[in-house]
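S.K.: Just dropping this structure here.
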Amino acid sequence: MDDPRPIQHAAAAVIEPIAARMGFELVAVELTGDPSGHAVLRVSVDQRGGVDIDALGRLSRAISPALDVDDPVPGAYNLEVSSPGIDRPLQRFADFERFAGFRARLRMDASQTRRRYSGVLRGVSDDAVPTVLIEVDGQEHALPFEHILKARLVLELSEYLALAEPTAPQTEPIGGTS
């Protein structure tokens, strides 16, 4: 699949206001698979006090017609709405600062010499170009945020349970600048 970020941004713009009205924090929107009919639009949300299956069903039923009207995803796709889980996706610039000190895996776009990083997040830098700092094997790398295709936390169960505490909703748009 070509770069899914523009479609993810468009879908997030449709989903985020609906999710916020229903008390959810939109964590991530991911498009995977083949847009010729096997695509999956995966929406991850969180909520104070945790997310239950009934609430996810209500949210899915609320966003599905809005996505049909605005049609940000070309072709047929399946919609999945879930909590972020133990391999929480990172899409907002603020996520990389919030989760500094945690292990993460990042995949960069084709414009970068090195495509994959696995290490400990060390925060962000927003001097001239927004960058994500990650330490890999004792060496810190500054990665341009706009070139990150995919990022996920790599958590131990104890870390995941500690993060399950309620968090304040984030209002920053999802993804890098395009």
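No value in this document is a laboratory result; all are computed from the given coordinates. Everything numeric here is computed off the predicted structure, so don't read it as measured data. In this analysis, Cβ positions are derived from the backbone assuming ideal geometry, glycine residues included, and neighbour counts consider all displayed protein chains.
S.K.: May I ask you to derive the relative contact order of the chain, considering only C-alpha pairs under 8 Å and at least 6 residues apart, and to give it as an integer percent? Walk me through the numbers on the way to the answer.
M.R.: Details: 328 pairs, mean separation 40.3, N = 178.
Across the chain, relative contact order equals 23 percent.
S.K.: Let me ask another. Under the Karplus relation 6.51 cos²θ - 1.76 cosθ + 1.60, θ = phi - 60°, what is the ordered set of whole-Hz ³J(HN,Hα) values for segment 77-90, x standing for Gly and Pro?
M.R.: Residue by residue, segment 77-90 yields 7, 9, 9, 10, 10, 8, 7, x, x, 5, 9, 3, x, 10 Hz.
S.K.: Where does segment 93-163 land on Rg/Rh, using Cα atoms and the Kirkwood Rh? If you can, show how the numbers build up before the last one.
M.R.: On the way: Rg = 11.8 Å, Rh = 12.3 Å.
With Rh from the inverse mean 1/r over Cα pairs, Rg/Rh is 0.96.
S.K.: Helix 5-21: angle to the longest alpha-carbon principal axis of the chain, degrees 0 to 90, nearest 10?
M.R.: Between the helix axis and the principal axis of the chain, the angle is about 60 degrees.
S.K.: Please arrange ARG152, ARG21 by how many other C-beta atoms lie within 10 Å of their C-beta, fewest to most. Each step should come with its number before you reach the end.
M.R.: Numbers: ARG152 18, ARG21 9.
Lowest count first: ARG21, ARG152.
S.K.: To the nearest 20 debye, what is the magnitude of the charge dipole of segment 5-82 about its Cα centre, counting +1 on the Cβ of each Lys and Arg and -1 on the Cβ of each Asp and Glu? Kindly include the intermediate steps, with their values, before the conclusion.
M.R.: On the way: 6 positive and 11 negative charges, 25 e Å.
Computed charge dipole of segment 5-82: roughly 120 debye.
S.K.: Compute the normalised compactness of segment 5-82: alpha-carbon radius of gyration over 2.2 N^0.38 Å, N being the residue count.
M.R.: Values: Rg = 11.8 Å, N = 78, 2.2 N^0.38 = 11.5 Å.
With N residues counted in segment 5-82, Rg over 2.2 N^0.38 Å equals 1.03.
S.K.: Describe numerically, in nm with one decimal, the distance between label points set 7 Å from Cα along Cα→Cβ at ARG48 and at ALA142.
M.R.: 3.8
S.K.: Quickly rank 23-30, 137-144 as a protection proxy: mean count of other C-beta atoms within 10 Å, highest first.
M.R.: Numbers: 23-30: 21.9, 137-144: 11.8.
Highest-to-lowest ranking by the protection proxy: 23-30, 137-144.
S.K.: Report the convex hull volume per residue for the chain, counting only C-alpha atoms, in Å³.
M.R.: Working: hull volume 21.4 nm³, N = 178.
Per-residue hull volume (Cα only) is 120 Å³.
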